Amino acid sequence: MSDLSLNQKAKIFFDGENGIEMELDCYINDIEDDRLGLDYPADAETLKKYLEEGTPIDVKIFTPSGLMVFESVVINSPDEGFVVEYVEDAVVIQRRDYSRSPLKTKLELKLRTETFVASTIDISGGGIKFFSKEDLNPEEVVTGKLYLKNYDVPARFEAVILDNPSLQPDEYTLAFTNIDEKERDKIIKTCFAIDMQSRRNRNEE
């Protein structure tokens, strides 16, 4: 369970009206060997009836190591303190091989109450390598904005600083721990465009 931590975002999927798949964002508030306690969103009152004890659900959690996906079941309904089953042997860690593309662009990070600007070295759908004069430590949690050329609004995310001893001085890497899939798509599409341009350039040589 080393990849799990309190306040981590957990997206759950379940059948709603007429069997239509629903999804809900929760946050981990308790971790035990065989179960996870989740904060149930206050604005999802109408969905409680689909999450009674014994209801099968799927759970997706973004961790620093990758995407954790597993089948689960509701142990306690939201009205009883939302708890779902966690079976460690059944967990699948999908270490998604996002293509990493070189890109120098503005990266704005916030650590605790301090906001500072860094510069990216390369980006991917899973994280960012960047240059910063700030002194950052592994496992520190940051929120950020990544400025991409073809988008008026920067991609927002939460991330953790990784321990990477192979980096040069003032270089860091971060892994996304909480990022909307639409924001991730911006990054992936940008990487795709960079790779396509790189291929065109090679073909023209």
Which listed residue is of a type in the set (Asp, Glu) and modelled with pLDDT of 90 or more, from GLU71, GLU45: GLU45
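Hey, can you tell me all the residues within the stretch 118-150 that are of a type in the set (D, E, K, R), in contact with a strand residue (DSSP E or B) (Cβ under 7 Å, 6 or more places away or on another chain) and without any contact (Cβ under 8 Å) to a residue 40 or more places away in the chain? Reasoning before the result, please.
First, the residues of the stretch 118-150 that are of a type in the set (D, E, K, R): 122, 129, 133-135, 139-140, 145, 149.
Subsequent filtering for residues that are in contact with a strand residue (DSSP E or B) (Cβ under 7 Å, 6 or more places away or on another chain) retains 122, 129, 134, 139-140, 145.
Within the stretch 118-150, ASP122, GLU134, GLU139, GLU140, LYS145 qualify.
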Can you name every residue in the stretch 151-205 that is in contact (Cβ under 8 Å) with a residue 24 or more places away in the chain, closer than 20 Å to ILE61 by Cα and open to solvent by 100 Å² or more (accessible area, probe 1.4 Å)? ARG156
Of all residues in the stretch 120-136, how many are assigned to a strand (DSSP E or B) and either more than 12 Å from the chain's Cα centre (by Cα) or acidic (Asp, Glu) (or both)? 8
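The values are calculated or read from the model by the stated rules, or taken from the named source; none is laboratory data. As the structure is a prediction and not an experimental result, all values here were calculated from the model. Methodologically, a virtual Cβ is constructed for each residue, glycine included, from the backbone with ideal geometry; neighbour enumeration extends over all protein chains shown. Just the protein is used for accessible areas: all its heavy atoms, side chains included, with ligands, DNA and RNA removed. Shrake-Rupley method; radii C 1.70, N 1.55, O 1.52, S 1.80 Å.
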